[in-house]
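Undergrad: Submitted below is the structure of interest, expressed as structure tokens.
Please treat every number below as a calculation from the coordinates, not as lab data. All values derive from a computational prediction rather than experimental measurement. So basically every Cβ, Gly included, is an ideal-geometry build from the backbone, and we count neighbours across all protein chains shown.
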Amino acid sequence: MQKITIAIDGYSSTGKSTVAKQLAKYLGYVYVDSGAMYRAITLFAMEQGFISDDHFDVKGLISNLELVQISFKLNKETHVADVYLNGINVEKRIRTLEVSNFVSQVAAISEVRSMLVKQQQQMGEERGVVMDGRDIGTVVFPKAELKIFMIASAEKRAQRRYKELIERGDNVDYSEVLHNIQERDYIDTHRKDSPLIKADDAIEIDNSNLTLDEQFQNILQLTTQVLEGL
Ligand code: CDP
């Protein structure tokens, strides 16, 4: 059967990656978490001292981008690819609230975006890919056969992310998580380069009140319609 490209965009913590993973597994497609790549560069910037609570050396980061190598390798336990920064597995470290607090500033830098968009486009060359992010349907794969745009209330999203972080053993406050989500929503939708917007041909799904299974069935049905129409 012919393979397609599926782009899933939307706000922070809307469950994009959960449904993208389910879909990729079901279809036998490759799943790519584009946000993990922005998070890995943010971790690099923090570790190299380009970014901290009181300073952000954008020029320094840009001139050192050539030292950043991002790759994905399948984790045999989770059956999902983990992200590697310069050969080191950083999957756990990129998910902290600290990285979340800086990532949208890093993702607003055009040089960072053009480097990652190129890599993402290469990963999708063969089709048979489900990629989630903020600009997948608008910039990375504007010709994707199926584009989904996920939304949910900020409170619902913060509750989900808070639960995730607590379950990982991170010591965070709900109010901090909500604040981070609202701040990232603002930066991601207002940046000059590839802001988060719904592509004209994307299908919007509000999952505030959908169960994971309802959401999956919904998107699977849309996928089947596209595949049958090829
Ligand atoms: O999982 P969560 O929704 O918290 O975010 P993510 O997908 O890991 O993305 C983290 C951040 O990376 C976003 O808030 C954006 O600032 C940035 N990002 C982006 O600009 N473009 C993408 N395609 C993916 C993520």
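Undergrad: Please specify each residue of region 119-156 satisfying the condition of being under 10 Å from Ile6 (Cα atoms), among the aliphatic types (A, V, I, L, M) and assigned to a strand (DSSP E or B).
TA: Matches in region 119-156: Val129, Val130, Met131, Leu146, Ile148.
Undergrad: Which members of region 170-221 meet the condition of being among the β-branched types (Val, Ile, Thr), assigned to a helix (DSSP H, G or I) and crowded, with 18+ Cβ neighbours inside 10 Å?
TA: Answer for region 170-221, where residues must be among the β-branched types (Val, Ile, Thr), assigned to a helix (DSSP H, G or I) and crowded, with 18+ Cβ neighbours inside 10 Å: Val177, Ile181, Ile219.
Undergrad: I need every pair where a residue in region 93-112 that is closer than 21 Å to Ser194 by Cβ and among the small types (Gly, Ala, Ser) has its Cβ under 6 Å from the Cβ of a residue that is part of a helix (DSSP H, G or I) and near the ligand (Cβ under 8 Å from one of its atoms), sequence separation at least 6 or different chains.
TA: Short answer, once both residue conditions are applied: Ser104/Arg184; Ser104/Ile187; Ser104/Asp188; Ala107/Tyr38.
Undergrad: Could you list all residues from region 70-79 that are surrounded by 12 or more Cβ atoms within 10 Å (Cβ to Cβ) and part of a strand (DSSP E or B)?
TA: Ile70, Ser71, Phe72, Lys73
Undergrad: Checking Val90 against (1) surrounded by fewer than 17 Cβ atoms within 10 Å (Cβ to Cβ); (2) in contact (Cβ under 8 Å) with a residue 12 or more places away in the chain; (3) farther than 30 Å from Asp206 by Cα; (4) of a type in the set (Val, Ile, Thr), which test does it fail?
TA: Val90 satisfies all of (1) surrounded by fewer than 17 Cβ atoms within 10 Å (Cβ to Cβ); (2) in contact (Cβ under 8 Å) with a residue 12 or more places away in the chain; (3) farther than 30 Å from Asp206 by Cα; (4) of a type in the set (Val, Ile, Thr) except (1).
Undergrad: Output the residue which, of all residues in region 30-54 that are within 29 Å of Asn75 (Cα to Cα) and among the small types (Gly, Ala, Ser), is farthest from the ligand (Cβ to nearest atom).
TA: Ala45
Undergrad: Name every residue in region 146-159 that is farther than 15 Å from Ala20 by Cβ, charged (D, E, K, R) and buried (at least 18 other Cβ atoms within 10 Å of the Cβ), in order of residue number.
TA: Arg157 - this is the single residue of region 146-159 that is farther than 15 Å from Ala20 by Cβ, charged (D, E, K, R) and buried (at least 18 other Cβ atoms within 10 Å of the Cβ).
Undergrad: Which number in (1) farther than 22 Å from Gly15 by Cβ; (2) surrounded by 17 or more Cβ atoms within 10 Å (Cβ to Cβ); (3) of a type outside the set (Val, Ile, Thr); (4) within 12 Å of the ligand (Cβ to nearest atom) marks the one condition that Ser110 misses?
TA: (2)
Undergrad: Another question, then. For residues that are under 22 Å from Ile187 (Cβ atoms) and small (Gly, Ala, Ser), scanning just region 128-163, find the one that is nearest to the ligand (Cβ to nearest atom).
TA: Taking the candidates together, the pick is Gly133.
Undergrad: Report, by residue number, each residue of region 5-19 that is part of a helix (DSSP H, G or I), within 10 Å of the ligand (Cβ to nearest atom) and surrounded by 23 or more Cβ atoms within 10 Å (Cβ to Cβ).
TA: Correct list: Lys16 only.
Undergrad: Same structure, new question: Cβ-Cβ below 9 Å, separation at least six or inter-chain, first residue in region 126-138 and more than 20 Å from Val112 (Cβ to Cβ), second of a type in the set (D, E, K, R) and outside any loop (DSSP other than H, G, I, E, B): which pairs?
TA: Note: pairs meeting the criteria are Val130/Lys21.
Undergrad: Here is a list of conditions, (1) surrounded by fewer than 16 Cβ atoms within 10 Å (Cβ to Cβ); (2) part of a helix (DSSP H, G or I); (3) not small (Gly, Ala, Ser), and Met115 meets all of them except one; can you say which number that is?
TA: All conditions pass for Met115, except number (1).
Undergrad: Tell me which residues, restricted to region 80-107, are touching a helix residue (DSSP H, G or I) at 6+ places or on another chain (Cβ under 7 Å) and part of a loop (DSSP other than H, G, I, E, B).
TA: Of everything in region 80-107, those that are touching a helix residue (DSSP H, G or I) at 6+ places or on another chain (Cβ under 7 Å) and part of a loop (DSSP other than H, G, I, E, B) turn out to be Val80, Val90.
Undergrad: Could you say whether any residue in region 55-69 is without any contact (Cβ under 8 Å) to a residue 12 or more places away in the chain, in a loop (DSSP other than H, G, I, E, B), surrounded by fewer than 22 Cβ atoms within 10 Å (Cβ to Cβ) and away from the ligand (no atom under 11 Å from the Cβ)?
TA: Yes; the residues of region 55-69 include at least one that is without any contact (Cβ under 8 Å) to a residue 12 or more places away in the chain, in a loop (DSSP other than H, G, I, E, B), surrounded by fewer than 22 Cβ atoms within 10 Å (Cβ to Cβ) and away from the ligand (no atom under 11 Å from the Cβ).
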